[in-house]
Each structure stands twice: as structure tokens, then as C-alpha cells.
1. In the stretch 7-47, what residues are modelled with pLDDT of 90 or more, among the β-branched types (V, I, T) and assigned to a loop (DSSP other than H, G, I, E, B)?
2. Could you please find all residues in the stretch 136-164 being among the β-branched types (V, I, T) and open to solvent by 40 Å² or more (accessible area, probe 1.4 Å)?
3. Please go through the stretch 39-68 and pick out each residue that is touching a residue at least 60 places away in the same chain (Cβ under 8 Å) and surrounded by fewer than 16 Cβ atoms within 10 Å (Cβ to Cβ).
4. Being more than 11 Å from the chain's Cα centre (by Cα) and within 16 Å of L29 (Cα to Cα) is the requirement here; does Y93 meet it?
5. Restricted to the stretch 69-79, and to residues that are under 18 Å from S135 (Cβ atoms) and open to solvent by 20 Å² or more (accessible area, probe 1.4 Å), which residue is modelled with the highest pLDDT?
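The values are calculated or read from the model by the stated rules, or taken from the named source; none is laboratory data. The structure presented is a predicted model; accordingly, all values stated were derived computationally and were not measured. For neighbour counting, all protein chains shown are included, and Cβ atoms are generated from backbone atoms with ideal geometry for every residue, glycine included. To get the accessible areas, we keep the full protein, side chains included, count just its heavy atoms, and leave off ligands, DNA and RNA. Shrake-Rupley method; radii C 1.70, N 1.55, O 1.52, S 1.80 Å.
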Amino acid sequence: QFVGRKRVSYVRLNGTVTSNITIPKGIYLSAGITVQEGKTLTVNPGVVILFSSGGLALSGTLDAYGTEEEKIIFTSEYDDIYWDVTGLKGTSYWNGISMQSTGEYNANYNVLRYAKNAVVIRNIANIYNSDFINSRDYAVYVDSVVVPVINYCMFNNNAIAVHNSWED
């Protein structure tokens, strides 16, 4: 495994979060993560999660508070900025972060790259200082009467930056 043209190790991170857990700084490869209702997945600054498929399904809470110096990265395993094994660049999209009606996403300094839909919002979302890059369909898709907070975010090269389905 290579990141930034240097060999690195990673930890596999898959399955269902059935109790509150915290992910320490590091590089993770995931086929998909589900957070159960009433449970919290906390992601520490400096975490990079490379999705081979799937995404993050939230019935519970995702607290992902990065810093300006140590952002939290969610991307495809084929994103050659973080993964230089296959020689492919962003040709495989992961499913993104999908909230259910009980889900909650709290983010600061997150980077979401090469997702089909980076974030599908169906409940509470507080997103600050985050970057949405190269989303195939939507960077942010709002499917809720709950108004999300999206401040100081950057949208770059997404098919559609923000869509509110309640306006249709």
C-alpha cells in the first residue's frame, strides 16, 4: 500500500458500530460502516478512510472534528492522492455518508472526495470548514425538512453542489 508514493500500513474498518467508539489517527480501508441509532462514531483529526465500496450509513451520530492542520479525509481507495497502488485516479466512487431519519453528522475540517453523493442529509447536520470534491452526483443532497448548517465549505468539481429535494 502506498500513500503519497510512500509505503504505508492501514487498518481494515468495516461493519456495524454497536457501541460508542473513537477512531484514532491513521489510515483505514473500509468496505462500509453502519452506525446504529443511539450510538456515536467519533473520528479523530488526521484520520483517512479509503472506501473500497459502500460508505457510511448513519442511523446514529458521526462526530468528525478535524482541524485545519489535520483534516479528516473520506475518499475512494482509487484516489491517487492517498492511494497509489492501482494507478487509477478517482475512477471508482464510494457511496458517501447517508443519514437516516435518526442520523446526525457533525463535521469540521472534513474532506469528502470521489463519492457518488458525498452527504445525503435526512436529519441534523452541522458541517463547517469542509471540502466537497469530485462528487459524481451531489456533494450535498438535502432530503429533510430539518435545515442543515453548512458554513465555510468549499465545493469543487461536483456534478451538483447542493440540492434540496423539498424544493422539487
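1. Those that are modelled with pLDDT of 90 or more, among the β-branched types (V, I, T) and assigned to a loop (DSSP other than H, G, I, E, B): T18, V47.
2. Here is the first cut: in the stretch 136-164, the residues among the β-branched types (V, I, T) are 140, 142, 145-147, 149-150, 160, 162.
Those that are among the β-branched types (V, I, T) and open to solvent by 40 Å² or more (accessible area, probe 1.4 Å): V145, V146, V147, V149, I150, I160, V162.
3. Across the stretch 39-68, the qualifying residue is only E68.
4. Numbers: more than 11 Å from the chain's Cα centre (by Cα): yes; within 16 Å of L29 (Cα to Cα): yes.
Criteria met by Y93.
5. K71
For every residue, the table says whether it meets (1) among the β-branched types (V, I, T); (2) in contact with a helix residue (DSSP H, G or I) (Cβ under 8 Å, 6 or more places away or on another chain).
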residue: I72; (1), (2): yes, no
residue: A115; (1), (2): no, no
residue: R122; (1), (2): no, no
residue: Y128; (1), (2): no, no
residue: Y141; (1), (2): no, yes
residue: I160; (1), (2): yes, no
